[in-house]
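Quick notes on the structure that follows.
No value in this document is a laboratory result; all are computed from the given coordinates. Only a predicted model underlies this, so the values are computations on that prediction, with no experimental measurement involved. Backbone-built Cβ (ideal geometry, glycine too); neighbour counts: all protein chains shown.
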Amino acid sequence: MRPLVIAVVGGKKSGKTTTIEILTKELVRRGYRIAVVKHIPEPNFTFDKEGKDTWRFAQAGAKTVIGASAEEIATIEKVHAQDVSLEAILRRCGGNDIAFLEGFRHIVARDRDVIKIAVLKSAEDFSEAVKIFRPILAFTGPHSPEKQNHEIPYVDLFGNPEKLVDLVEMAVKKRAAT
């Protein structure tokens, strides 16, 4: 079964990684299996290191290279990112209860199957989030939209991280009940 997919969206340096890190740590402590998918938009980025054996195999033409060490298995698939759907990426997250997405904002913006947590740095981020993203589970981040009188809760991630974790856990349980 596909995990519950939650996209953590926001601008650069807004706190998306920290949000996922805090959620992951507490949800794992509560017994959930977590996958995290990070969109890396930098052109020519590679996980592989030039000159390493795995890099050399890919340079020789291998489309899939798997490196297995004592504590990790890494699969490197040589693809054109625009040819890979979000569903294909999420299939790699099977066996997990929750898959957090960092980035992918344009792909997930109005996808109702992907819950969003919007990390806000400013009032402009709030305005943009309520226009672009559906559905939003919660707001967090350095900017609190308290004055906007919005029905979506704001959670102070550093003052009350359990509240955001509880909201995610409720979403998992709601999905399991359907």
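Points worth noting:
- All aspartates and glutamates inside 13 Å of Lys163 as judged from Cα atoms, apart from same-chain residues fewer than 8 positions distant: Glu26
- Amide H contacts under 5 Å for Lys121, placed H, 5+ residues apart: Gly11, His143
- About the Cα centre, charge dipole magnitude for the chain (Lys/Arg +1, Asp/Glu -1 at Cβ), debye: 280 debye
- The range 11-29-the range 30-105 distance, computed between alpha-carbon centres (Å): 19 Å
- Pairwise FRET efficiency - Arg30 versus Ala74, Cβ, R0 = 25 Å, nearest 0.05: 0.35
- Helix axis angle, 123-132 relative to the chain longest principal axis, alpha carbon, degrees: 70 degrees
- Simple Cβ-charge dipole of the range 43-133, Lys/Arg +1 and Asp/Glu -1, about Cα centre, in debye nearest 20: 200 debye
- Taking other C-beta atoms within 10 Å as the exposure proxy, Val28, Val8, Val36 rank Val28, Val36, Val8 from fewest upward.
- Against the main long axis of the alpha-carbon atoms of the chain, helix 161-177 sits at an angle near 80°.
- When the range 118-178 is described by a simple charge dipole with +1 on each Lys and Arg Cβ and -1 on each Asp and Glu Cβ, the residue from Pro161, Ala177, Leu137 located farthest towards its positive end is Ala177.
- Converting phi to 3J(HN,Hα) with the Karplus coefficients 6.51, -1.76 and 1.60 and the offset θ = phi - 60°, the range 24-38 yields 4, 4, 6, 5, 5, 4, 7, x, 8, 9, 10, 10, 10, 10, 10 Hz in sequence order, with x at every glycine or proline.
- Relative contact order (percent, whole number), the chain, Cα cutoff 8 Å, 6+ residue spacing: 31 percent
- Note on Glu50 and Glu87: their simple-model spin labels are 3.8 nm apart, each label 7 Å out from Cα toward Cβ.
- Placing unit charges on each Cβ (+1 for Lys and Arg, -1 for Asp and Glu) gives the range 1-159 a dipole about its Cα centre, and among Val84, Ile152, Ile6 the Cα reaching farthest toward its positive end belongs to Val84.
- Each label was represented as a point 7 Å from its Cα along the Cα-to-Cβ direction; for Lys121 and Phe57 these points are 3.9 nm apart.
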